[in-house]
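Structure first, then comments.
What follows draws every value from the coordinates through simple rules; no lab data is involved. Owing to the predicted nature of the structure, the values given are computational and were not obtained by experimental measurement. For neighbour counting, all protein chains shown are included, and Cβ atoms are generated from backbone atoms with ideal geometry for every residue, glycine included.
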Amino acid sequence: MDRWVRDVLAWRAGDAVLHVAPNQWVFESADHRFVPMAVPSEDAGLAALGRPSWVHVHAMTTPVMEAARRLSEALGCPLGITLHDVCFAEPGPDADTRADLVLRARWVLAPSDYLAGVARDWIARVCSGQDAPMVQVLPNGWRPWPETPAVPATGQGEFAIGMVGALGLHKGLAFAREMAACLPPRMRVVLIGYADGQLTPGWLIPDRLWVHGAFETGALPSLLRAYGVQVVWFAPGQPESFCYALSDVWQAGWPAVVPDAGALGERMQRVGFGCVYDPYLSPQRVAALLQDWLLHPRCLPHAEQPVEREVTVAEMVRQLEMVYGSDSVNESFPPDDAALQHLAQTHLDSRFFRHELLRLQGELEAAQAQTARLRVELDDVARAYEARGRWIEKLQSDIDALNVSIAVLQERNGSGRWWGAIRRWVDQMFGR
C-alpha cells in the first residue's frame, strides 16, 4: 500500500495523505510536511483539512473507515476505495462497517483480476440487493529504478535458486524450509530479503537456505548476479493480491517460478517469463521441479524485459485520474495551515509534551531522592572512617608509650631473655 501511495504522490503533486491510528491522525500535506493531531472530537475540527475532491480509502480497518466516513460527511466530498489485500473479506466485528463503507463508495479498485473477483463475491454476499459500486481493476504500475551502486553478497558461494522479499508464515515460510531441505546438498537457496525470525544475514537452514537481509530495490539485479541466481522461486502461501516482488524480479530480468494461485498465477499466465506450478504440490515435488528447471531452463536471465509488458506507474496514474474524473465532485480547497498548526500544538502540548514533562519531573524527583540517600550513606561512611582514624591514632600512641617503657626497663635491667619475650609479646599483640 505504501509503495502505491508513494508512486502516485510522485506524479500528483497536489494530493495529501491522512495517516490514521486509533488515537491520533497525522496529516501529510502536499509538500510532505507532517502535522500530528488528536482525532477531532467534533466534525467542526475537520475543517482545518480543507476539502479534497475525493476521500480515497486504502485500508479497511476500523479507525480508517471511521475517519473516511467522517471526512466524507463533514467536508461534503465523495469517497472511493482501493483494496490492497484480502483482509476486507475476512469475518470480524467490523464486517458491517466494511459493508457500509462500500455502499457509500462511488467506486472500488483492485490491482488484479484475482482480488477483484474476491471483492465482487464478497460485495454480492454482504450487500445483497443494495446498490453497490462496480469493482474495477487498476494494476499496480512499475517505474524505472534510480541508479543504484552494486551491492555485494553477504553469503559465500553460489545459490542457484533465489527468493525475493519478506518471507513470513502466511507467505510459505514453513514450506520453503521443507523444500530447501529436499534439494541436493550443492543446490542452495538465497532469500534476498528477510524471514520471520531472521532479519539479519545468516543461515535459516545451515548450508541450504541463506538470508541476505534487507536491500534497496534498485540493487536487486546486482544481488541476483552476485549470488549466481538462475531462477527466482515464490513459495506457496496466502494468495497474493498483486505482488510487487514479482514486478521487481521481472524488472531485474530474471525468470520466476510461481504458484498457480492468486495474482501470481494470473500474472505469470499473462506475461509468461517463467512458469507456474500447482500450489498443492509437496515440498519434495517442488524441489524436483526446481532441479528440472536448472537442468532444462525454459528461459534465461536477461533474455527479456518482461516487466515492460505490464502497466507503468505513469499509465496507472492516468487510469486513476480517469476514475477521479468519472464523477462530478464539489469544488475543493486547500487545508488551513494556521488551523492545522494550532491543532498540532494543542495535541502535542496536551498528549505528549505535558506527559513528557511529568515523566521528566518524576525522574528528577527520583534522582534527587537517590542523591539524598547516597549523601546520607556517604556521611555515615565518612564518620566511620573518621572514628577508625582516631582509634588507629590511639593505638599508635599506646604502642609508642609501651616502647618507651620497654626501653627504660631494658636500660635498667639489661636485655635479658625475659625482657625480649615481653618485647615479642608486645609486637604480636599490636601486629608489628
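So here's what we get for this one:
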item: Segment Trp145-Arg125, length gained on full extension (0.36 nm per residue, minus Cα span); result: 3.1 nm
item: Highest average packing first - 148-154, 269-275, 78-84, Cβ atoms within 10 Å; result: 78-84, 269-275, 148-154
item: FRET efficiency, 1/(1 + (r/R0)^6) with R0 51 Å, evaluated for Leu402 and Leu374 via beta carbons; result: 0.75
item: Beta bridges per DSSP with both ends in the range 1-159, % antiparallel, nearest 5; result: 55 percent
item: Under-5 Å amide H pairs with Gly274, H placed in peptide plane, nonlocal only; result: Ala256
item: Least to most buried among Phe159, Phe175 (fewest other Cβ within 10 Å first); result: Phe175, Phe159
item: Most to least packed among 224-233, 124-133 [average Cβ atoms within 10 Å]; result: 224-233, 124-133
item: Span-like helix ranges in the chain, DSSP H, alpha carbon extent 20 angstrom or more, Kyte mean at least -1.0; result: 354-413
item: Loop-located trypsin sites (Lys or Arg not before Pro) in the range 67-117 whose Cβ has at most 12 other Cβ within 10 Å (DSSP); result: none
item: Other-chain or far-sequence residues with amide H under 5 Å of Trp210's (modelled H); result: Val189, Val190, Leu191, Leu204
item: Formal net charge of residues neighbouring Val329 (Cβ-Cβ distance under 11 Å; K, R +1; D, E -1); result: 0
item: Rounded to whole Hz, the Karplus (6.51, -1.76, 1.60) HN-Hα couplings of the range 233-239, x for glycine and proline; result: 10, 10, 6, x, x, 4, x
item: Surrounding net charge for Trp11, when Lys and Arg each add one and Asp and Glu each subtract one, Cβ distance under 13 Å; result: 0
item: Exposed GluC sites (Glu not before Pro) absent: longest stretch of the chain, with sites in DSSP loops and at most 16 other Cβ within 10 Å deemed exposed; result: 43-146
item: Fraction of beta bridges assigned by DSSP in the chain that are antiparallel (%, nearest 5); result: 35 percent
item: Neighbourhood charge, 11 Å Cβ-Cβ cut-off, centred on Ala180 and excluding it, Lys, Arg +1 and Asp, Glu -1; result: +1
item: Max mean-square fluctuation residue, GNM over the chain, Cα-Cα springs under 10 Å, options Arg285, Arg188, Arg309; result: Arg309
item: Given [x] 286; [y] 156; [z] 179, the label whose value is volume of the Cα convex hull per residue in Å³ derived from this model; result: [x]
item: Whole-Å distance, taken between Cα centres, linking the range 174-239 and the range 279-332; result: 20 Å
